[in-house]
Amino acid sequence: MKINRIILVAVFLFGIIIVSGCVSQQTASSNTTQPAAITPPQNFTPNATQNQTTNETCAKEGETYSWVGTDYPKKCCDNLTEFASGMNTDSSIADKCYPTGLLAGAPYGKCINCGNGVCESTEDVCSCPQDCKDAANSKYKTIEDFCNSTLWKSTLSDGCTDKVKSADHEVKICNLCVNTTNQTVQLTNITREFRFEADDVGIYNGTGVVKVSSITANTGDFVKLVFIIRTQGVGYGGLTLRGCGYDTGWKAPGDLVFMQFTANTTCTVTSYFPTTGAERSSLQIVVS
C-alpha cells in the first residue's frame with residue numbers, strides 16, 4: 001500500500017509539470033505572433049491635402065489633378081477652378097484665346113485660382129480670361145510673334161485652308177497671318193506656303209472669300225505659292241497661269257499649281273483662258 005501511494009504521488013507531480021510546460025509554451029507563442037500596435041505620431045499628416053468639406057484628398061493651387069488613375073488627386077481643393085489643360089490645345093495670342101483644332105487627350109489638368117483679379121503664372125487668357133487681360137501671360141504677346149512661331153509655320157499654316165472650310169472656329173486663327181480685309185497681304189520675314197484660289201473672274205485668298213490683287217514679300221524671302229483652280233466658275237476647260245518665271249500651261253478645274261522662288265524683284269502672276277489667251281486676273285508679288 002505504501003508503494004502504491006508513492007507511485008500515485010509521482011504520477012500526480014509529473015502531470016502538473018507537463019501542464020505547466022504547455023501553458024508556458026502557449027504564452028510564449030502568443031507573445032511572438034501578436035506584436036503591440038504602432039501608434040502614429042501626433043504631427044503625422046498625409047501627402048495630399050484634405051478637402052475640408054468632403055474629407056477627400058485634393059490638389060492645391062498650381063498642382064495637377066486627374067480624373068483617372070491614382071498618380072494625382074481627382075479634384076481641386078475648395079474655391080479653386082479645375083482647368084483641363086491636358087485636353088486643351090487653345091493658344092493665347094495677344095489678349096485673345098484661339099482654338100487651334102489640334103488633337104489632345106491627356107486626362108489631367110491644373111488647379112487655378114481664377115476670379116481673384118490676379119493673373120497668376122498658372123493662368124492666361126485661355127484658362128482665366130476674367131483675370132488675364134492685355135496679353136498678360138499670353139504665350140504669344142503679339143500676332144506677329146505667333147505668325148513667326150513654329151506652331152504657325154510648321155503646323156497650322158500647312159493645310160490651314162482646308163481646316164477653315166471644315167470648322168468655323170478655326171477661321172479666326174487661320175486668318176491671323178492673312179489680312180482678309182485688305183487686298184494686300186503682308187508676308188513678313190517668313191518663308192511659308194501661301195494659298196490662293198482662281199476662277200474666271202478673280203484670284204482669292206486661302207479662304208476663297210476675298211479677292212487678292214497683290215501680296216508683299218521682303219527681299220530674300222523664299223516664297224511658295226499654291227493656286228487651286230476652282231471647279232466652279234471656270235469655263236473654257238480651265239486656266240493657264242503665267243508669271244514670276246512660270247508658265248503652267250493648261251490646268252483643268254480642280255488642279256493645283258505650285259510656284260516657288262526667292263523674292264528678289266517684283267513680279268506678277270496672271271491667269272488666262274487657255275484656248276483664247278484672253279487675260280483674266282492678276283496677282284502682283286511686290287518685293288520691298
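Values quoted throughout were computed directly from the atomic coordinates according to the rules given, and no laboratory measurement underlies them. Computed from a prediction, not measured in an experiment: that's the story for all the values here. Don't worry about glycine lacking a Cβ; one is built from the backbone with ideal geometry, like all the others, and counts go over all protein chains shown.
Based on the Cβ-Cβ distance of ASN116 and VAL201, what FRET efficiency does E = 1/(1 + (r/R0)^6) give at R0 = 51 Å, to the nearest 0.05?
Working from the Cβ atoms, E equals 0.35.
Quick one: what are the phi-derived ³J(HN,Hα) couplings along segment 135-150, Karplus 6.51/-1.76/1.60 with θ = phi - 60°, whole Hz, x for glycine and proline?
After applying 6.51 cos²θ - 1.76 cosθ + 1.60, I find 6, 4, 6, 5, 5, 10, 5, 9, 5, 4, 4, 5, 5, 9, 8, 5 Hz.
Which residue, chosen from SER92, GLY109, GLN130, occupies the Cα position most advanced towards the positive end of the dipole of segment 70-147, where the dipole is computed from +1 (Lys, Arg) and -1 (Asp, Glu) charges on Cβ about the Cα centre?
Value: GLY109.
What are the lysines whose alpha-carbon lies under 27 Å from the alpha-carbon of LYS172, with same-chain residues fewer than 8 places away excluded?
LYS96, LYS110, LYS133, LYS139, LYS141, LYS153, LYS163, LYS211, LYS224
Test of understanding: ordering PHE222, PHE194, PHE261 by Cβ neighbours within 10 Å, fewest first, what list do you get?
By the 10 Å Cβ count, ascending: PHE222, PHE261, PHE194.
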